[in-house]
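The values are calculated or read from the model by the stated rules, or taken from the named source; none is laboratory data. Source: prediction; values computed, not measured. Note that each Cβ is placed from the backbone with ideal geometry, even for glycine, and that neighbours are counted across all protein chains shown. What goes into the accessible areas is simple: the full protein's heavy atoms, side chains included, and nothing from ligands, DNA or RNA. Shrake-Rupley method; radii C 1.70, N 1.55, O 1.52, S 1.80 Å.
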Amino acid sequence: MGKLRPGRVEWLASGHTERPHLFQNLLLFLWALLNCGLGVSAQGPGEWTPWVSWTRCSSSCGRGVSVRSRRCLRLPGEEPCWGDSHEYRLCQLPDCPPGAVPFRDLQCALYNGRPVLGTQKTYQWVPFHGAPNQCDLNCLAEGHAFYHSFGRVLDGTACSPGAQGVCVAGRCLSAGCDGLLGSGALEDRCGRCGGANDSCLFVQRVFRDAGAFAGYWNVTLIPEGARHIRVEHRSRNHLGILGSLMGGDGRYVLNGHWVVSPPGTYEAAGTHVVYTRDTGPQETLQAAGPTSHDLLLQVLLQEPNPGIEFEFWLPRERYSPFQARVQALGWPLRQPQPRGVEPQPPAAPAVTPAQTPTLAPDPCPPCPDTRGRAHRLLHYCGSDFVFQARVLGHHHQAQETRYEVRIQLVYKNRSPLRAREYVWAPGHCPCPMLAPHRDYLMAVQRLVSPDGTQDQLLLPHAGYARPWSPAEDSRIRLTARRCPG
């Protein structure tokens, strides 16, 4: 959020008389004089004072605004402090009683019977919502064809009737998931405010089994806590979660007992399930979640199954129990498949005559030096994915090395990641070389072939892949804040 009010700046000088800090301020003053005498300017930004307490809500009922502030302390030559001097948050109070005068109406009514526009005429004023700036107090003179702007509305006034945004310092702002106005903070796919999709896993599979007879067949469990559920298929079948959705109480929610339900929104497991069916053979089902209990996805087969695609995000701690339950039910459990199409093994080489000496392969040359903050920043900002992963194994094929990794923690991702992935590196001697059974922080790019047959995670030559450590974790989190844009 940009600064809504200019920050107050206090300069530290020798005249500062606060006794507990007298000696410290004297040292700072002497240091500043020394720098000035040597012609050296101070480096770095100033320091913020602690935030003061939040003010009372601007309204006594309904929605209002609370504010807190801080001050920037800096020496001459130092840069201004980074960040905002004021923060605003939305405060939600009990609803106003029926018949209460809306906040904007009340502000316009303050000018009733008062001379305006340089004349002695008086008017009765009501809100006018057709003006360009909705955070100005624009009031219409009742019985007349003009309105007048009395300046800004008070903080906490709704931008327009029914709108979610409120006016703060003349700007219409909406609250992020953190409650701060204008922060722009959003929930990630795991439901965490401002998260990086690192506390949950993405489950994405295709059910291709075809039953031997018409009727209901189990597809999968959608476990408790699942979010961003989507199921889709194209056939004349009617699907479990895409048709035959069974709740935890054992009752069908959709398409049960051979009766096809109409498209619409249904309540299931504490979430809204949106069921759509086109005039063609396509059906979809979507739910935001999180689900409050397990759901059973079924399919009512009436013709061969062309494939049912389903996906959802699941908290990490629920993924292993989900796997165990699916296995206990005897359903096939498909592990995540490689993103790329497996290349065919090369043809067997011709037999070398016995008398021809066999040359020992050249050892792998040393890798170029990839240390330094600039290298980390370059690869982090230019990558599609940055994650911590454990190397489970590797395989050399054609002119590439394929690493199988288990994703541990995601710092950056431009599309969903599976719990297990394949990372490809060019050559038989990739740089850097990754050792099995070790954790690495790595920045990779997504490479899709023009014909769409390959979709790979690529670790570039001399790219960023360093052994994970708490220190490296801190460095990568700091790097994330410095990418442009």
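Taken over segment 159-216, the residue count meeting the criterion of being on the phi > 0 side of the Ramachandran plot and more than 22 Å from the chain's Cα centre (by Cα) is 4. When segment 145-158 is limited to residues that are under 32 Å from the mean Cα position of the chain (by Cα) and not charged (D, E, K, R), the one that is surrounded by the most Cβ atoms within 10 Å (Cβ to Cβ) turns out to be THR157. Here GLY179 meets the list (1) open to solvent by 60 Å² or more (accessible area, probe 1.4 Å); (2) out of contact with any helix residue (DSSP H, G or I) (no Cβ under 9 Å at 6 or more places or on another chain); (3) not hydrophobic (A, V, I, L, M, F, W, C) almost entirely, failing just condition (1). When you look at TYR440, is it in a strand (DSSP E or B), modelled with pLDDT of 90 or more and touching a Pro at 6+ places or on another chain (Cβ under 8 Å), yes or no? It is true that TYR440 is in a strand (DSSP E or B), modelled with pLDDT of 90 or more and touching a Pro at 6+ places or on another chain (Cβ under 8 Å).
Residues of segment 261-306 being farther than 22 Å from GLY191 by Cα, open to solvent by 50 Å² or more (accessible area, probe 1.4 Å) and touching a residue at least 12 places away in the same chain (Cβ under 8 Å), which ones?
The first filter runs over segment 261-306 and keeps only residues farther than 22 Å from GLY191 by Cα, leaving 261-264, 275-284, 296-306.
Subset that is open to solvent by 50 Å² or more (accessible area, probe 1.4 Å): 262-263, 276-279, 281, 302-304, 306.
Correct list: PRO263, THR276, ARG277, PRO281, GLN302, GLU303, PRO304, PRO306.
Can you pull out every residue in segment 443-468 that is crowded, with 18+ Cβ neighbours inside 10 Å, among the hydrophobic types (A, V, I, L, M, F, W, C) and in a strand (DSSP E or B)? Within segment 443-468, ALA443, VAL444, LEU457, LEU458, ALA465 meet the criteria. Annotation note: Cβ proximity below 8 Å between a residue of segment 394-414 that is within 17 Å of PRO460 (Cα to Cα) and a residue that is assigned to a loop (DSSP other than H, G, I, E, B) and open to solvent by 40 Å² or more (accessible area, probe 1.4 Å) (sequence gap 6+ or interchain) occurs for HIS394/PRO436; HIS396/HIS428; GLN397/PRO343; GLN397/PRO345; ALA398/PRO343; ALA398/PRO346; GLN399/HIS428; THR401/HIS428. Candidates are the residues of segment 91-128 that are among the small types (Gly, Ala, Ser) and in a loop (DSSP other than H, G, I, E, B); the one that is nearest to THR157 (Cα to Cα) is ALA100.
If I filter segment 117-128 for residues that are under 41 Å from the mean Cα position of the chain (by Cα) and either open to solvent by 40 Å² or more (accessible area, probe 1.4 Å) or without any contact (Cβ under 8 Å) to a residue 40 or more places away in the chain (or both), do I get at least one hit? Yes, segment 117-128 contains at least one residue that is under 41 Å from the mean Cα position of the chain (by Cα) and either open to solvent by 40 Å² or more (accessible area, probe 1.4 Å) or without any contact (Cβ under 8 Å) to a residue 40 or more places away in the chain (or both).
Within segment 129-151, the set of residues being over 11 Å from ARG104 (Cα atoms) and not in a loop (DSSP other than H, G, I, E, B) comprises LEU140, ALA141, TYR147, HIS148, SER149, PHE150, GLY151.
Can you name the residue in segment 307-320 that is open to solvent by less than 50 Å² (accessible area, probe 1.4 Å) and in a strand (DSSP E or B) and is also nearest to ARG205 (Cα to Cα) among such residues? Give the derivation first.
Kept after step one, since they are open to solvent by less than 50 Å² (accessible area, probe 1.4 Å), are these residues of segment 307-320: 307-308, 310, 312-315, 319.
Subsequent filtering for residues that are in a strand (DSSP E or B) retains 308, 310, 312-315.
Working: ILE308: 8, PHE310: 6, PHE312: 10, TRP313: 12, LEU314: 14, PRO315: 17 Å.
Step by step, filter segment 307-320, then rank; the result is PHE310.
If you check GLU142 against the conditions, is it in contact with a Pro (Cβ under 6 Å, 6 or more places away or on another chain) and either open to solvent by 60 Å² or more (accessible area, probe 1.4 Å) or among the small types (Gly, Ala, Ser) (or both)? Taking the combined requirement at face value, the residue does not satisfy it.
Picking from residues in segment 105-133 that are touching a His at 6+ places or on another chain (Cβ under 9 Å) and modelled with pLDDT of 85 or more, the one that is nearest to LEU181 (Cα to Cα) is PHE128. Within this structure, GLY44 fails the test of being among the small types (Gly, Ala, Ser), at positive phi, surrounded by 12 or more Cβ atoms within 10 Å (Cβ to Cβ) and at pLDDT below 85. Against the conditions (1) out of contact with any His (no Cβ under 9 Å at 6 or more places or on another chain); (2) in a strand (DSSP E or B); (3) at pLDDT below 90, LEU239 satisfies every one except (1). Pairs meeting the criteria (first residue in segment 43-67 and touching a residue at least 24 places away in the same chain (Cβ under 8 Å), second residue open to solvent by 30 Å² or more (accessible area, probe 1.4 Å) and β-branched (Val, Ile, Thr), beta carbons under 6 Å, at least 6 apart or on different chains) are SER66/THR55; VAL67/THR55.
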